[in-house]
Amino acid sequence: MIRLIRMKKKFERAKLTDIDLKLLALNAKGYVLPSVLAPLFVIVEVVMEVLIPMEMGRLVDEGIAVGNMNAVWTHGGIMLAYALAALISGALSARFAAVASMGFAKNLRASMFEKIQHFSFGNVDKFSTGSLVTRMTTDVTFIRNAYTTMIRIAFRAPLMFAMSIAVAIDINWKIALIFIAVVPILAVAMVAAALIAFPLFRKMFKRFDKMNTVVQENLIGIRVVKAFVKEDHETQKFRDAAEGVRKTQVSAEKLLAYGQPAMQLVMFLCLVAVVWFGGRQIILGTGTMTMGDLASFITYVNQILMSLLMVAMIFVNVVLSSASAARVSEVLKEKPEITDESATTDEQPKDGSIEFADVSFGYQKSEKPVIEGMNLSIASGETVGIVGGTGSAKSTLVQLIPRLYDVSAGEIRVGGLPVKNYTIKNLRSAVSMVLQKNVLFSGTIRDNLKWGDENATDEELIAACRTAAADFVESFPEGLDTDLGQGGVNLSGGQKQRLCIARAVLKKPKIMILDDSTSAVDSATDRHIRSELKEKLQGMTVLIIAQRISSVKDADKILVLHDGKIIGEGAHSDLYRTCSEYRNICDLQNVGEVV
C-alpha cells in the first residue's frame with residue numbers, strides 16, 4: 001500500500017493533469033464522421049465474431065454429433081455469412097480509423113504550428129527548438145496511434161470481452177467464474193505499472209528533445225564542425241544523447257513489456273483450467289456441457305484472451321501517449337505574452353518617431369534587468385547609430401520597438417502612441433528589421449524578397465536590390481528565379497545580408513532597424529548602402545547598430561550603450577570629446593574626431 005501511495009505521488013508530479021482532452025479533441029474537426037463510423041463498424045464486427053462460435057456449437061451438436069449433414073451445411077453457411085460480414089465491417093472500420101487518425105494528426109500539427117507562430121520571443125524562449133520539433137513529430141505520432149486505438153480497439157476489446165463473458169456464463173457460469181476472478185488481478189497490475197511507467201516516459205521525451213537539439217545544432221553548424229575537425233566529437237555527442245534516450249526508453253518499456261507475457265501466462269492457465277473442468281463434466285456426465293458447448297466455450301476463451309491482450313495494447317498506447325499529450329497540451333495551452341488585447345486603434349503609426357519613457361526590461365532567466373530606467377527620444381526621419389560593447393543590450397533595445405518583447409516597466413511610444421495601443425500587425429508593418437543573424441528561406445530570390453511586398457513587380461525587386469547593393473542578382477543566369485537552397489546556402493555572408501536589406505526596403509516602413517546588418521560587407525559597400533537608404537527612403541527613421549564607427553559616424557545622433565544604459569548621446573564629434581568609451585572605440589578603429 002505504501003509503495004502504491006509513493007507511485008501515486010510520482011504520477012501526480014508527472015503532471016498528467018496537464019493533458020487538456022477538450023483542447024486536443026477540437027482537432028478532430030472535419031474528421032468526426034469517420035471517427036464515429038469506425039467504432040460503429042467495430043460493433044458490427046464484434047457481434048458477428050461472437051455469433052460464429054454459437055453457430056459452431058450448434059453445428060457440432062446438431063450436425064456432426066448426430067450425422068445430420070443438412071444441419072452441418074445450414075450452420076456452416078450461417079457461419080460463413082457471419083465471417084464475411086465481420087471481414088467487411090473490420091476492413092471498413094480500419095479504413096475509417098486510419099482516415100480519422102491521420103486527419104486528427106494533421107490538424108493537431110497545424111494547430112501547434114499556428115500557435116507557435118503567435119508566440120512572442122518570450123514564449124519561444126520557454127521551449128527549445130529541438131523540443132518543439134519533437135512535440136510536433138514524435139509526440140503527435142504517439143497521440144495519433146492512441147487515437148486510432150481509442151476509436152477502434154478501445155471499442156472492440158471491452159465489447160468483445162463483455163459479450164464473450166456473457167455467452168460463456170450462459171453456457172456454464174461455474175467455469176466462467178475462472179475469468180471473472182482473474183480480471184481484477186490483471187487490472188491492478190496494469191494500473192501499478194502505469195503509475196511507475198508514466199514519469200519514465202516523460203523523462204524519455206526530454207531525452208528525445210536533447211537528442212533532436214544535438215542533431216539540429218550539428219546540421220546548422222556543419223561547416224563550423226568540419227572547419228574545426230570536430231566530426232568525432234559531434235558523433236560522440238550524438239551517441240551520448242541517443243544512449244540517454246535508449247536507457248530511459250528501456251526503463252519505461254520493460255515494465256510494459258513484462259505485462260503482456262505475464263497476461264498471456266495467466267490467460268493460458270485459465271484456458272487449461274477451462275478444458276480440464278469442462279472435459280471432466282463431459283466425460284463424467286456431471287454437468288450439462290456438451291461437446292459443442294465445450295468447442296464454443298474454448299473459442300470464447302480465445303476471444304476473451306485476445307480482448308484482454310488488446311486491453312494491454314490499449315494500456316501501452318495510453319501510457320505512451322499520455323506523456324506526449326501532456327507535452328502537446330503544454331504548447332497548445334501556452335498563452336502568447338504579446339497580444340492585441342490592449343489595442344485601441346486600427347491604424348498604423350502616423351510617423352517614425354520613437355520615445356522610451358523609464359523603460360526597463362529583463363529576460364525570463366536573467367537575474368537583473370538588461371535595460372533599466374531608459375529614457376530616449378528619436379524624431380521621425382532621424383538616422384540614429386547605436387554602438388557599445390558586447391552585451392550592452394543594443395539588440396534588446398531595438399527588439400522592444402516592434403514588441404518582439406514587451407517591456408517590464410515604463411512605456412515605449414511610436415508615432416506618438418504607446419506601442420501596446422497598436423495591433424501587432426499594424427505596428428510591425430511599420431517597422432522593418434534586418435536582424436543580426438541573416439535569415440533566408442528555401443526557394444528563389446524572388447520568393448524571399450516578396451516577404452517585403454508580395455505585390456512587388458520585378459522592376460521594384462531589382463530596384464530594391466540596387467538600393468541594398470545586391471545588384472549581383474542581375475548577374476546570376478536565372479536572375480530573381482535563382483534557387484537559394486536551404487537558408488541561402490548558395491550565397492556568401494555579405495550577399496545574404498544585402499538581400500535581407502533589400503527585403504526590408506521593399507516593405508517601405510516608417511522605421512528601419514539595421515542590427516549589425518552590414519558586418520559582412522566591405523566599407524565601400526556599407527557606405528553605398530547608407531547613401532542609397534538616405535537618398536531613396538527619405539522621411540524614414542533609421543536605427544543602425546554597428547561595430548564599425550564608420551557605419552554610424554554620419555548619423556544625426558549616436559547612442560553609446562553600456563550595461564543596458566545610455567552613457568553617451570550626440571553627434572560623432574561631440575561624443576568623441578565627451579564620452580570616453582566612444583573615444584576608445586574610435587581610437588581602436590583609427591577614427592578620429594574630424595572625419
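The values are calculated or read from the model by the stated rules, or taken from the named source; none is laboratory data. From a predicted model like this one, the values you see are computed outputs, not experimental measurements. Methodologically, a virtual Cβ is constructed for each residue, glycine included, from the backbone with ideal geometry; neighbour enumeration extends over all protein chains shown. Side chains are part of the model used for accessible areas, which takes the heavy atoms of the whole protein and leaves out ligands, DNA and RNA. Shrake-Rupley method; radii C 1.70, N 1.55, O 1.52, S 1.80 Å.
In region 45-85, what residues are open to solvent by less than 60 Å² (accessible area, probe 1.4 Å), touching a Ser or Thr at 6+ places or on another chain (Cβ under 7 Å) and closer than 29 Å to M310 by Cβ?
E45, M48, V50, P53, M56, G57
For region 86-117, which residues satisfy the criterion of being open to solvent by 50 Å² or more (accessible area, probe 1.4 Å), small (G, A, S) and either within 17 Å of A38 (Cβ to Cβ) or in contact with a strand residue (DSSP E or B) (Cβ under 6 Å, 6 or more places away or on another chain) (or both)?
Scanning region 86-117 gives a single hit, A91.
Residue pairs, Cβ under 7 Å, 6 or more apart or interchain, first in region 461-477 and at positive phi and part of a loop (DSSP other than H, G, I, E, B), second surrounded by 17 or more Cβ atoms within 10 Å (Cβ to Cβ) and of a type in the set (D, E, K, R). List them.
If the second residue must be surrounded by 17 or more Cβ atoms within 10 Å (Cβ to Cβ) and of a type in the set (D, E, K, R), the pairs left are A469/R498.
Being part of a loop (DSSP other than H, G, I, E, B), modelled with pLDDT of 85 or more and either over 18 Å from the mean Cα position of the chain (by Cα) or over 30 Å from Y405 (Cβ atoms) (or both) narrows it down to one of G77, G30, G90, so name that one.
G30
Give me a count of the residues in region 321-343 that are assigned to a helix (DSSP H, G or I) and either of a type outside the set (D, E, K, R) or farther than 19 Å from R109 by Cβ (or both).
10
Can you find a residue in region 382-389 that is outside any loop (DSSP other than H, G, I, E, B), touching a Phe, Trp or Tyr at 6+ places or on another chain (Cβ under 8 Å) and surrounded by 13 or more Cβ atoms within 10 Å (Cβ to Cβ)?
Yes, because at least one residue in region 382-389 is outside any loop (DSSP other than H, G, I, E, B), touching a Phe, Trp or Tyr at 6+ places or on another chain (Cβ under 8 Å) and surrounded by 13 or more Cβ atoms within 10 Å (Cβ to Cβ).
Quickly run through region 138-167 and pick out the residues that are open to solvent by 40 Å² or more (accessible area, probe 1.4 Å), within 15 Å of F96 (Cα to Cα) and more than 29 Å from the chain's Cα centre (by Cα).
Of everything in region 138-167, just one residue is open to solvent by 40 Å² or more (accessible area, probe 1.4 Å), within 15 Å of F96 (Cα to Cα) and more than 29 Å from the chain's Cα centre (by Cα), namely F155.
Considering every residue within region 517-528, establish whether at least one is open to solvent by less than 50 Å² (accessible area, probe 1.4 Å) and in contact with a strand residue (DSSP E or B) (Cβ under 6 Å, 6 or more places away or on another chain).
Taking region 517-528 first, the residues open to solvent by less than 50 Å² (accessible area, probe 1.4 Å) are 517-518, 521, 525-526.
Retained after the next criterion (residues that are in contact with a strand residue (DSSP E or B) (Cβ under 6 Å, 6 or more places away or on another chain)): 517.
Yes, some residue in region 517-528 is open to solvent by less than 50 Å² (accessible area, probe 1.4 Å) and in contact with a strand residue (DSSP E or B) (Cβ under 6 Å, 6 or more places away or on another chain).
So that you can scan it fast, the table gives a plain yes or no per residue for (1) more than 25 Å from R413 (Cβ to Cβ); (2) of a type in the set (D, E, K, R); (3) in contact (Cβ under 8 Å) with a residue 60 or more places away in the chain:
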site: L506; (1), (2), (3): yes, no, no
site: K510; (1), (2), (3): no, yes, yes
site: T525; (1), (2), (3): yes, no, no
site: E532; (1), (2), (3): yes, yes, yes
site: M540; (1), (2), (3): no, no, yes
site: I545; (1), (2), (3): no, no, yes
site: S550; (1), (2), (3): yes, no, no
site: D556; (1), (2), (3): no, yes, yes
site: R583; (1), (2), (3): yes, yes, no
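Please determine, by comparing only the residues of region 354-367 that are within 17 Å of D125 (Cβ to Cβ) and not acidic (D, E), which one is most open to solvent (accessible area, probe 1.4 Å).
Taking the candidates together, the pick is K365.
If a residue has to be part of a loop (DSSP other than H, G, I, E, B), among the hydroxyl-bearing types (S, T, Y) and either open to solvent by 20 Å² or more (accessible area, probe 1.4 Å) or closer than 12 Å to K206 by Cα (or both) to count, how many in region 118-134 make the cut?
Number of matching residues: 1.
Suppose we filter S519, S531 for residues that are assigned to a loop (DSSP other than H, G, I, E, B), farther than 16 Å from Y582 by Cα and out of contact with any helix residue (DSSP H, G or I) (no Cβ under 6 Å at 6 or more places or on another chain); which single one remains?
On the way: S531 fails: assigned to a loop (DSSP other than H, G, I, E, B).
Criteria check complete, one pass: S519.
Of the residues S392, S377, which single one is among the hydroxyl-bearing types (S, T, Y), closer than 23 Å to A546 by Cα and open to solvent by less than 10 Å² (accessible area, probe 1.4 Å)? Show your work before the answer.
On the way: S377 fails: open to solvent by less than 10 Å² (accessible area, probe 1.4 Å).
Within the list S392, S377, the selection yields S392.
Pick from K553, K508: which is charged (D, E, K, R), open to solvent by less than 50 Å² (accessible area, probe 1.4 Å) and in a loop (DSSP other than H, G, I, E, B)?
That would be K553, the only listed residue that is charged (D, E, K, R), open to solvent by less than 50 Å² (accessible area, probe 1.4 Å) and in a loop (DSSP other than H, G, I, E, B).
Among K496, K425, which is loosely packed, with under 15 Cβ neighbours inside 10 Å, part of a helix (DSSP H, G or I), within 32 Å of the chain's Cα centre (by Cα) and of a type outside the set (S, T, N, Q)?
K425
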